[in-house]
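Note sheet for the following structure.
The values are calculated or read from the model by the stated rules, or taken from the named source; none is laboratory data. Because the structure is a prediction, the values reported are computed rather than measured. So basically every Cβ, Gly included, is an ideal-geometry build from the backbone, and we count neighbours across all protein chains shown. Ligands, DNA and RNA are excluded from the accessible area calculation, which covers all protein heavy atoms including side chains. Shrake-Rupley method; radii C 1.70, N 1.55, O 1.52, S 1.80 Å.
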Amino acid sequence: MKKSVWSMCGMCTVRCPIRVEVEDNNVTWLEGNQHILKGALCAKGSAGPSLVADKERPQQPLIRRGGRGAGRWEAVSWEFALDYIADKLKTIIDRHGPEAIMASSRGGPFQDLVKAFTHALGSPNYSNHDSACGRNVHHASISLFGLGRKGFIYDIKNAKHLVLFGRNILASLRPAEVNQVMDMLDKGGRLTYVDVRQTLTGIKATNFFQVRPGTDYALALALIHEIIKAEGYDADFVERYTTGFDELAYFVENYSAEWAAKECGIKAKDIHELVGQLIADRPKVVFHPGWMLSRYNDSFYASRALNCLNALMGNIEVEGGLIFAKGAGDCGGKGPRALNELSPKPTAKRADGVGDVYKQFEKGPGLFHLFYKAMATGNPYPIKGIICVRHDPFACFPDPQAQKEALDNCDLIVSVDTHYSEFGWYADVILPESTYLERDSMIALQKGMKPRMIMRNKAIEPQADTRDLYSIIKGLATRLGLDQYFPFNTVRELWEWQLEPTGFTLADFEKKGFVEYADKPVLYDREKLEGKFKTPSGKIEIISQKLSEWGFPSWKPYESPAKPPKGQYRLVFGRSPLHAHSHTVNNPLLNEMMPENTLWINTREAGKMGVAEGDFVDVISGDITSVITAKLTDFIHPEAVYTVHGFGRQIPLQTRAYHAGMSDQKLMKGQLQNMDPVGGGLNLCETFVTVRKSSKNHQRKVEL
Amino acid sequence: MNTYTLYLNSKRCIGCHGCVVHCKANKGLPVGPILCEISHEPLKSVRGVPKTEFKFRSCYHCEDPFCVTICPTGAMKKREDGIVYVDVPKCIGCMACAGACPWGIPQHNPETNKAVKCDYCMDRLDAGLQPACVTKCTTHALKLVTMKVI
Ligand code: SF4
Ligand code: SF4
Ligand code: SF4
Ligand code: SF4
């Protein structure tokens, strides 16, 4: 039997809308939803069926029989596994209270289920991966606009100029956004790219600045300085909708283009030329405030400066600028229900201290890495059970060894994932979730210029003994007597309940695979933006009242980043368009395309070490040594070495990825708690590593 | 007479290699055979910006294909519209075609032990669709061009 199914890709967290053709429970074709993506998908998207077919993903629930991480697993039934987990959870609750249990998932539209479960247990301790990703950007955006980083849509397609600081937008790709960038370039728009190395994005740039690692903030401050000096900002907008402009002007007084040129290792003339372009292109200029900006110890302020530049451009709610993300309410509609509405609001304080010790951080998911402190010290109270859903902390946070030591204080570690994760390998129980092609997911609202509801429909029946997340959570909830919070027997029943207030039905999804709340982009009246900024003053707070209240400056005086000592380099990392972090490294098709990463070294630096292209090098940090192939390039700053994140996996059952390439996070020794105190993001580019030619290169062979 | 060619707008191509995987997924190919490739020259600085452009190659669908001439079983064929393709049931997997092709374009499929190559997704073309790599190209940079005799 043939059928066509609207669904949503799950190979990465972009979650592109897709249409899947199925014949006899086999995927025969999948493509990007024609109504949104005109068929386009990335390489990972097409490799989905190869994930489904891969026997090197968990095929049934597994319970650990050896020591943690030893890899001795017993395959058990779902009933057994869920009973086992429920029993352990009950014991933890009896001894330590429900708040001793934490759960985490990936960010995005599907957090609701895991959050609802955590709250149903009576624990406030829901978390996600974001302290290794967008927290700095998020908090910077809140401090300025009163809205998080998803509060704005970047109307890149209609912009005249897109400015990217280390946001490698064409490689860490979101197909819809990539097409906007290409459309903008086709229309003659300008692209400015700032990074420590040249990238797939930078090769399309009009202006390229290869800066010294850690100096983004300096360049952003200089742009503010020069734009103010040239009176090139939107004075009306600034006057009307911002507070603290004069303080900013005073603060940036010493940060001239000439100063930044020296600091960043670029030319002052080029900065001036860029400033001229920006003033000419305003207001249709988008300064991307960063996506994964957990990098340097001033990333929060760098992101704040970039967003402040948006305000100076006066680009808010203009075509080609930053547009407020609209929700159902902006279109006179109602959004779908969330399961969390049914769960009791947690009353206990969070174990990560967020909202209590750390008032500056938004509660939502808190900060994952801080839970390790609670585990290790028992303060403010012990964490004894942890459930990670499709989230691999060992692959995303620094220093897995330090994480393991903290986790050893837990009585229960559960991993729910479609593939073996490094964290799962250390867990007590692995619950295999069905792949995105084999599972239904909750309906979610996607805010935007045209807000819409999106859904994932199961395209095929599970090929192994796996389950969808709702069934897994429901199975646990039932065993714990929490059935009332998860009253639906099937995902379909859940969908119907979610849709009740919206006035839409499941049938409305049949035509296009999604439901839109508006036919045309919804824009606010730019003359009446008062009250749209959710800061205490209702304006864009260049000087943030909240930051002042908590004792943090709105602008941190610039500090020059440390230079690596001789023989050492700053380790920076990034993404490839062929892999979604660590999740896809073992995917047969994607592994074939990119089986391992390399270490990018500046050609001249490599020359000093006697390293040639393709040689093995040792990369050393603390007691960790990794061996990796060198890739020489003129287009990386000599202080930095670069690698693609996600490799160096150590799960024997993933034969393709096993020990292939190098893991950046394992080299970040001692960095687990190196956090931006204002933004909450981890400083993932603050590790210096020693690099030397590896003894693996010796030509001498003992064999004949 | 060749009717079709694949044209890459290299200004739009971002080198993501999506096309390569779209192609493999469409034909259900295992690890091994790769029917199209994306390549580029080393970066060169152009007015301060290190630049390069991507090139796409699948099969040239030659006017007088050596692979067709050498094939001992008549499995390698050229259609009237110029598409050079493998008539799978006839193929014995000897790979003489790959040896004869100046670019070694026909690939061995280890699962079927037969040759496989770019056939402009002729099953899709015949069904009124575009090739897999064209339909799903991440940036819509790749186009199937139908050539006309002027
Ligand atoms: S970007 Fe690629 S992997 Fe991610 S959701 Fe879209 S198609 Fe899937
Ligand atoms: S999918 Fe398109 S953009 Fe990506 S490499 Fe292929 S031709 Fe280029
Ligand atoms: S491999 Fe098949 S197509 Fe190629 S020459 Fe041999 S029989 Fe012909
Ligand atoms: S036309 Fe079809 S067979 Fe040829 S490269 Fe594109 S997807 Fe592959």
Within the range A:253-266, residues touching a residue at least 40 places away in the same chain (Cβ under 8 Å) and not acidic (Asp, Glu) come out as A:Tyr255, A:Trp259, A:Ala260, A:Cys264, A:Gly265, A:Ile266
Exactly one of B:Tyr85, B:Tyr120 is away from chain A (no Cβ under 14 Å), aromatic (Phe, Trp, Tyr) and closer than 30 Å to A:Ser172 by Cα, and that one is B:Tyr120
Being open to solvent by less than 10 Å² (accessible area, probe 1.4 Å), among the polar types (S, T, N, Q) and not in a loop (DSSP other than H, G, I, E, B) narrows A:Thr625, A:Thr629, A:Thr643 down to just A:Thr643
Looking across the range A:222-239 at residues that are without any contact (Cβ under 8 Å) to a residue 40 or more places away in the chain and not in a loop (DSSP other than H, G, I, E, B), the single one that is farthest from the other protein chains (Cβ to nearest Cβ) is A:Glu239
I'd like to know if the range B:60-72 contains one or more residues that are out of contact with any Lys or Arg (no Cβ under 6 Å at 6 or more places or on another chain), more than 10 Å from chain A (Cβ to nearest Cβ), β-branched (Val, Ile, Thr) and farther than 22 Å from B:Leu144 by Cα. yes
| message | Whether any residue in the range B:96-105 is within 14 Å of chain A (Cβ to nearest Cβ) and either more than 16 Å from ligand 2 (Cβ to nearest atom) or not small (Gly, Ala, Ser) (or both) is what I want to check. | response | no
Among A:Lys528, A:Lys512, A:Lys534, the single one that is within 29 Å of the chain's Cα centre (by Cα) and surrounded by fewer than 14 Cβ atoms within 10 Å (Cβ to Cβ) is A:Lys534
Here the residues within the range A:541-560 that are in a loop (DSSP other than H, G, I, E, B), under 21 Å from A:Val238 (Cα atoms) and open to solvent by 70 Å² or more (accessible area, probe 1.4 Å) are none
Taking the range B:1-53 and the residues there that are charged (D, E, K, R) and assigned to a loop (DSSP other than H, G, I, E, B), the one that is nearest to B:Thr138 (Cα to Cα) would be B:Arg12
Given the conditions (1) closer than 29 Å to B:Asn9 by Cα; (2) at pLDDT 95 or above; (3) loosely packed, with under 14 Cβ neighbours inside 10 Å, every one holds for B:His22 apart from (3)
Over the range A:595-610, the set of residues open to solvent by 10 Å² or more (accessible area, probe 1.4 Å) and in contact with a strand residue (DSSP E or B) (Cβ under 8 Å, 6 or more places away or on another chain) is A:Glu596, A:Thr598, A:Trp600, A:Asn602, A:Thr603, A:Glu605, A:Met609, A:Gly610
Scanning the range A:63-118 residue by residue, those assigned to a strand (DSSP E or B) and touching a His at 6+ places or on another chain (Cβ under 9 Å) turn out to be A:Ser104, A:Ser105
Residues of the range B:135-150 being more than 9 Å from ligand 2 (Cβ to nearest atom) and closer than 15 Å to B:Ala25 by Cα, in sequence order, are B:Thr135
Among A:Leu173, A:Leu219, the single one that is within 14 Å of chain B (Cβ to nearest Cβ), open to solvent by less than 10 Å² (accessible area, probe 1.4 Å) and either hydrophobic (A, V, I, L, M, F, W, C) or in a helix (DSSP H, G or I) (or both) is A:Leu173
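Yes/no matrix, rows are residues, columns are (1) more than 16 Å from ligand 4 (Cβ to nearest atom); (2) under 21 Å from A:Ser343 (Cα atoms); (3) touching a residue at least 24 places away in the same chain (Cβ under 8 Å):
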| residue | (1), (2), (3) |
| --- | --- |
| A:Cys12 | yes, no, yes |
| A:Arg15 | yes, no, yes |
| A:Val52 | yes, no, yes |
| A:Leu62 | yes, no, yes |
| A:Arg68 | yes, no, yes |
| A:Arg72 | yes, no, no |
| A:Ala86 | yes, yes, yes |
| A:His96 | yes, yes, yes |
| A:Ile101 | yes, yes, yes |
Going through the range B:45-63 in order, the residues found to be of a type in the set (Gly, Ala, Ser) and in contact (Cβ under 8 Å) with a residue 40 or more places away in the chain are B:Ser58
Wholly inside the range B:58-150, helices (runs of 4 or more DSSP H) that include 1 or more residues that are away from ligand 4 (no atom under 16 Å from the Cβ) are B:66-70, B:96-100
Within the range B:121-144, residues being more than 16 Å from ligand 3 (Cβ to nearest atom) and over 29 Å from A:Leu185 (Cβ atoms) number 6
If we keep only residues of the range A:482-522 that are outside any loop (DSSP other than H, G, I, E, B) and charged (D, E, K, R), then the residue farthest from A:Ser123 (Cα to Cα) is A:Asp508
Does A:Ser104 count as open to solvent by less than 20 Å² (accessible area, probe 1.4 Å) and either basic (Lys, Arg) or more than 30 Å from A:Gly538 (Cα to Cα) (or both)? yes
